[in-house]
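The values are calculated or read from the model by the stated rules, or taken from the named source; none is laboratory data. Remember, it's a predicted structure, so these values are computed and weren't measured experimentally. When we count neighbours, we look across all protein chains shown, and the Cβ atoms used for this are built from the backbone with ideal geometry, even at glycine.
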Amino acid sequence: MCSIPPITVVRVPVKKPSPKRAERPKRPNKAALPAHTRAILRSLKKDYPVAICELTHESPFQLLAATILSAQCTDVRVNMVTPNLFAAYPTAATLAVADVSHVEQLVRSTGFYSTKAKNLIGMANGVMTRFGGEVPRALEDLITLPGVGRKTANVLRSAVFHLPGLPVDTHVLRLSKRLGITKETDPVKVEMQLNALLPPVEWGEFSLRLILHGRRICDARAPKCNECRLATICPSRDLS
């Protein structure tokens, strides 16, 4: 009889399929950023590694109220006013039924107190009657509230909801032009242009860093160009 040789089993390692590209988290493509914008972003991160909103708040409602008060007013002044305001009206429900004259008295030092008091109460009413007592997250919903424009809505989205939002205030508007990022003067157009230049994950902190830089270094009337890390790439620098 013929003998049958033993069968040798060869094990071939099976390579596990890699996750689909669509399932992988997208990372900002820094190489795709314009060189000028990338240099500004990198420099601001070095100077202001922790970018936080300087309006004191403990909830989305409190930040919304504080941001409404910050119109034509400094954050320092708003932070002096809000402790008493929030002690009297800690929630949207309590502010919605407030006496307007009492709110005016509490916010008088922020300027335009009559309009701001009406907007605060109107905002609180809107939150209670149309959004079930919760501050909405969508920009389209936020801007329907009294006293809330795109800047205020983007502050809420980026600072407390951690959603894409790039607030354009006077500092962001001024520095964007000084640094040569934009030639636009309309805040909405500046917002759209900056949004197109930066990945959404950078929008909120980029705005905060520009604001901090505008307050500490790039003053409207007396910019400290000799102290500015961005002076070497700033077309508006004055090192005389």
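Taking region 70-113, which residues are over 21 Å from residue 127 (Cβ atoms) and touching a Gly at 6+ places or on another chain (Cβ under 9 Å)? 72, 73, 77, listed by residue number.
Within this structure, residue 172 fails the test of being out of contact with any Ser or Thr (no Cβ under 9 Å at 6 or more places or on another chain), modelled with pLDDT of 95 or more and over 24 Å from residue 59 (Cβ atoms).
Yes/no per residue for (1) buried (at least 23 other Cβ atoms within 10 Å of the Cβ); (2) within 20 Å of the chain's Cα centre (by Cα); (3) of a type in the set (Gly, Ala, Ser):
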position: 125; (1), (2), (3): no, no, no
position: 146; (1), (2), (3): no, yes, no
position: 161; (1), (2), (3): no, yes, no
position: 165; (1), (2), (3): yes, yes, yes
position: 169; (1), (2), (3): no, yes, no
position: 193; (1), (2), (3): no, yes, no
position: 214; (1), (2), (3): no, yes, yes
position: 222; (1), (2), (3): no, no, yes
position: 225; (1), (2), (3): no, no, no
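Taking helices (runs of 4 or more DSSP H) that fall entirely within region 102-192, which contain at least 3 residues that are in contact (Cβ under 8 Å) with a residue 24 or more places away in the chain? Working first, answer last.
On the way: elements: 113-130, 139-142, 150-159, 170-178.
In region 102-192, 113-130, 150-159, 170-178 are the helices (runs of 4 or more DSSP H) which contain 3 or more residues that are in contact (Cβ under 8 Å) with a residue 24 or more places away in the chain.
Which residue pairs have Cβ atoms under 6 Å apart, sit 6 or more places apart or on different chains, and have a first residue in region 63-82 that is assigned by TED's automatic domain parsing to the domain that holds residue 105 and a second that is modelled with pLDDT of 95 or more and among the basic types (Lys, Arg)? Once the first residue is assigned by TED's automatic domain parsing to the domain that holds residue 105 and sits in region 63-82, its partners that are modelled with pLDDT of 95 or more and among the basic types (Lys, Arg) give 69/116. Would a scan of region 202-209 turn up a residue that is part of a loop (DSSP other than H, G, I, E, B) and buried (at least 21 other Cβ atoms within 10 Å of the Cβ)? There is no residue in region 202-209 that is part of a loop (DSSP other than H, G, I, E, B) and buried (at least 21 other Cβ atoms within 10 Å of the Cβ). Checked against (1) at positive phi; (2) within 16 Å of the chain's Cα centre (by Cα), residue 132 meets all criteria but (2). Just one of the numbered conditions (1) of a type outside the set (S, T, N, Q); (2) in a helix (DSSP H, G or I); (3) crowded, with 16+ Cβ neighbours inside 10 Å; (4) over 26 Å from the mean Cα position of the chain (by Cα) is not true of residue 98; which one? Of the numbered conditions (1) of a type outside the set (S, T, N, Q); (2) in a helix (DSSP H, G or I); (3) crowded, with 16+ Cβ neighbours inside 10 Å; (4) over 26 Å from the mean Cα position of the chain (by Cα), the odd one out for residue 98 is (2).
Each row is one residue, and each column tells you yes or no for (1) modelled with pLDDT under 90; (2) exposed (fewer than 14 other Cβ atoms within 10 Å of the Cβ); (3) hydroxyl-bearing (Ser, Thr, Tyr).
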| residue | (1), (2), (3) |
| --- | --- |
| 26 | yes, yes, no |
| 29 | yes, yes, no |
| 39 | no, no, no |
| 76 | no, yes, no |
| 89 | no, no, yes |
| 106 | no, no, no |
